[in-house]
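The values are calculated or read from the model by the stated rules, or taken from the named source; none is laboratory data. Being a predicted model, the structure only gives us computed values, none of them experimental. Here the Cβ positions follow ideal geometry from the backbone for every residue, glycine too, while neighbour counts run over all protein chains shown.
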Amino acid sequence: MYPELKKFLQRLRDEALLAPLNAHVFAIKDAKKALRAACDRLGYPNFSQRSIRRCLIRKLWRAGVDKKLIAKWQGHQDGGQLIIDTYTEAFGEDDAEYEQQQLAKLHS
């Protein structure tokens, strides 16, 4: 579980002291409409649950978390291949900087 998510869920649990342990965290199954409405109210461009997932994967990738661990956290069982094949395409603007960082490791 991601540290940010764990803190959030613990706060929700603490605020709902009377809720049974097996209660659902959220009353909705799909946040598509809620996200769209929130974005509209705040004047943000629309984004999806998948966008949030992609943002987290990017954050973990940039932080240097191993691709196998990212894949495990995402529920993938391919050792990180889907992360490499799918998500790193979205990180293309970082390629030059990333390559320089990796090359610098060789000179250390």
> Any chance region 65-82 includes a residue that's in contact with a helix residue (DSSP H, G or I) (Cβ under 9 Å, 6 or more places away or on another chain) and modelled with pLDDT under 85?
Replying inline: no
> List, please: which pairs have Cβ atoms under 8 Å, are six or more places apart or on different chains, and start with a residue in region 77-96 that is farther than 17 Å from residue 65 by Cβ and of a type in the set (S, T, N, Q) and end with one that is at pLDDT 80 or above and assigned to a helix (DSSP H, G or I)?
Replying inline: 77/71
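Condition check ((1) at pLDDT below 85; (2) among the charged types (D, E, K, R); (3) surrounded by 10 or more Cβ atoms within 10 Å (Cβ to Cβ)) across all residues:
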site	(1), (2), (3)
26	yes, no, no
31	yes, no, yes
39	no, no, yes
45	no, no, no
56	no, no, yes
